[in-house]
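Here the structure comes first, spelled out in structure tokens, and everything after it is commentary.
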Amino acid sequence: MEKKTSQWRMSQAALMVLIGSIIVSSIVSPSLAYILGALSGSLLLVLINVVHVIYKKRRSRPNNLDKNRN
């Protein structure tokens with residue numbers, strides 16, 4: 001039996017890392033630079049995942065443009 005994995009798994013992990021880093025930073029030593037770094041890293045991972053999902057979806061779609069041109 002195969003496990004189904006979400007295509008948004010990397011975005012979910014980025015969100016969990018962001019939440020964890022904000023909590024830990026708030027407890028240990030509140031630093032705006034650390035929180036902004038975690039935020040920018042998480043946003044970068046989410047953007048990479050969005051591009052990957054869109055690219056994967058477009059490649060799996062059949063190309064009907066060539067058939068309609070004749």
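No value in this document is a laboratory result; all are computed from the given coordinates. From a predicted model like this one, the values you see are computed outputs, not experimental measurements. Note: ideal-geometry Cβ built from the backbone for every residue, glycine included; neighbour counts use all protein chains shown.
Scanning the range 26-66 for residues that are hydrophobic (A, V, I, L, M, F, W, C) and in contact with a Ser or Thr (Cβ under 6 Å, 6 or more places away or on another chain) yields 35, 38, 46. Checking every residue in the range 7-18 against the condition of being surrounded by fewer than 11 Cβ atoms within 10 Å (Cβ to Cβ) and among the β-branched types (Val, Ile, Thr) gives zero matches. Taking the residues in the range 31-42 that are free of Cβ contacts under 8 Å to residues at least 12 places away in the same chain and of a type in the set (A, V, I, L, M, F, W, C) as candidates, determine which candidate is surrounded by the most Cβ atoms within 10 Å (Cβ to Cβ). Checked the range 31-42; the qualifying residue surrounded by the most Cβ atoms within 10 Å (Cβ to Cβ) is 36.
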